[in-house]
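Worksheet: one structure, shown below.
The values are calculated or read from the model by the stated rules, or taken from the named source; none is laboratory data. Everything numeric here is computed off the predicted structure, so don't read it as measured data. Positions of Cβ are generated from backbone atoms using ideal geometry, with glycine treated the same way; all protein chains shown enter the neighbour counts.
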Amino acid sequence: MGSRRHQIYLEELIKYLKETKIYGPEGIAYKNWEEGMQHLTRLFLETRKNGKHLFFIGNGGSAAIASHMTADYMKNGRMKTISLYDSSVITCFGNDYGYEHIFSRSLKHLGENGDLLVAISSSGNSPNIVNAIQTAKENGLNVVTLSGFEETNRICRMGDYNIYVPVSHYGMVESIHNLILQQIVDALMGYDNEA
């Protein structure tokens, strides 16, 4: 009985992974996974080639993914990643401006035209993520969003590229977000090995 439960979970995870939508700059979903991932990987490659910075943001489990990817993309992807998770900075901006501005205040000072922001939010409705995306766009950053739950969530169409996981289950949404970002950094490593 218990093993079947685990099998069902895995089958559902694969189902939602296959149903995940990747939207390009024109707001149209790519016709398949491969096409969407190629475009996303190209964005990261261009960001690296141009010597631009990469920022990851999220809350809770998404913050753990953001922190992990900050390290992976620096070490394995050879990108200029900047962590926005210094506790003194977060508590300073949270105290002075409110928690909803902890990322937007940092991006206002650090983000530059052509940099890349990856905004991760399972619900897609976190005010601090929404504010960060708005600030990033105002400062000329490219934006990739990863969200789930309802497709009408606030960030689902805010980025230049938007990834949407169609399920209201934190574990599955976070697992798929993590997998996508891991696949991209592994692709970057693959390009490096071919060169």
Among the candidates Asn76, Asn50, Asn153, Asn128, single out the residue that is over 29 Å from Tyr191 (Cβ atoms), in contact (Cβ under 8 Å) with a residue 60 or more places away in the chain and not β-branched (Val, Ile, Thr).
Asn128
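Residues are listed down the side, and each one gets a yes or a no for (1) within 15 Å of the chain's Cα centre (by Cα); (2) buried (at least 16 other Cβ atoms within 10 Å of the Cβ); (3) not β-branched (Val, Ile, Thr):
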{"residue": "Asn142", "(1), (2), (3)": "yes, yes, yes"}
{"residue": "Leu146", "(1), (2), (3)": "yes, yes, yes"}
{"residue": "Glu151", "(1), (2), (3)": "no, no, yes"}
{"residue": "Asp160", "(1), (2), (3)": "yes, yes, yes"}
{"residue": "Ile163", "(1), (2), (3)": "yes, yes, no"}
{"residue": "Gly171", "(1), (2), (3)": "no, no, yes"}
{"residue": "Glu174", "(1), (2), (3)": "yes, yes, yes"}
{"residue": "Ile180", "(1), (2), (3)": "yes, yes, no"}
{"residue": "Ile184", "(1), (2), (3)": "yes, yes, no"}
Spot the failing condition for Thr135; the list is (1) more than 23 Å from Ala29 (Cβ to Cβ); (2) touching a residue at least 60 places away in the same chain (Cβ under 8 Å); (3) among the hydroxyl-bearing types (Ser, Thr, Tyr), and only one is missed.
(2)
More than 16 Å from the chain's Cα centre (by Cα), surrounded by 11 or more Cβ atoms within 10 Å (Cβ to Cβ) and closer than 15 Å to Ile163 by Cα: which single residue out of Glu19, Glu26, Glu46 fits that description?
Glu19
If Ser87 passes every condition in (1) touching a strand residue (DSSP E or B) at 6+ places or on another chain (Cβ under 8 Å); (2) over 23 Å from Asp192 (Cα atoms); (3) of a type outside the set (A, V, I, L, M, F, W, C) but one, which one does it miss?
(1)
Return yes or no: is Tyr99 surrounded by 15 or more Cβ atoms within 10 Å (Cβ to Cβ) and either charged (D, E, K, R) or under 17 Å from Ile184 (Cα atoms) (or both)?
no
Answer yes or no: is there a residue in segment 51-63 that is at pLDDT 95 or above, in contact with a Gly (Cβ under 6 Å, 6 or more places away or on another chain) and either part of a helix (DSSP H, G or I) or among the aliphatic types (A, V, I, L, M) (or both).
no
